[in-house]
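Asks: Here you go, one structure.
The values are calculated or read from the model by the stated rules, or taken from the named source; none is laboratory data. Owing to the predicted nature of the structure, the values given are computational and were not obtained by experimental measurement. Quick reminder, even Gly has a Cβ in these numbers, built from the backbone with ideal geometry, and neighbours come from all protein chains shown.
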Amino acid sequence: MSRKKSKKKLRMSKFEKLLYTIAVFLLLASPISIVFSKATLAKVNFEVEQEKKKIETQEKTNEGLSMTIDELASLTKIQEVAEAQGLSYNNNNIKTITQDSE
C-alpha cells in the first residue's frame with residue numbers, strides 16, 4: 001500500500017490554481033507597470049521643462065517690451081515726437097480748471 005500513496009500525484013484545487021495564476025501574473029505585471037510609470041513620469045518631466053523654458057523666454061520678451069513702452073512713453077520722447085510733427089509747447093494755451101466743493 002505504501003507504493004500506491006507515493007505514486008499518487010498531488011492534485012491542486014481550483015482555488016489553489018487560481019492563487020498561483022494570480023501570483024504569477026502579479027510577478028510579471030509589477031516590473032512592467034513600474035517601467036511604464038517611470039517612462040510616463042520622465043515624459044511629463046521633459047514636457048514641464050520645455051514649458052518652463054517657453055515661460056522664461058516669454059518673460060524676457062515681456063520685460064523687453066515693457067522697457068520699450070517706458071522709453072516711448074517718457075516725456076522727452078513725447079516732446080521729440082511732437083517737435084518732429086511741428087507741434088510746440090505753449091504754456092499760455094494751458095488752462096487750469098478748479099472745481100469748488102460745496
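Asks: Yes or no: the stretch 14-30 includes at least one residue that is over 44 Å from the mean Cα position of the chain (by Cα), at pLDDT below 95, loosely packed, with under 10 Cβ neighbours inside 10 Å and more than 30 Å from residue 87 (Cβ to Cβ).
Replies: For the stretch 14-30, residues over 44 Å from the mean Cα position of the chain (by Cα), at pLDDT below 95, loosely packed, with under 10 Cβ neighbours inside 10 Å and more than 30 Å from residue 87 (Cβ to Cβ): present.
Asks: Could you please find all residues in the stretch 72-94 being surrounded by 10 or more Cβ atoms within 10 Å (Cβ to Cβ), in a helix (DSSP H, G or I), within 45 Å of the chain's Cα centre (by Cα) and not β-branched (Val, Ile, Thr)? Reasoning before the result, please.
Replies: Narrowing the stretch 72-94 to residues surrounded by 10 or more Cβ atoms within 10 Å (Cβ to Cβ): 72, 74, 77-83, 87.
Pick out the ones that are also in a helix (DSSP H, G or I) and you get 72, 77-83.
Imposing the further condition that a residue be within 45 Å of the chain's Cα centre (by Cα) reduces the set to 72, 77-81.
72, 77, 79, 80, listed by residue number.
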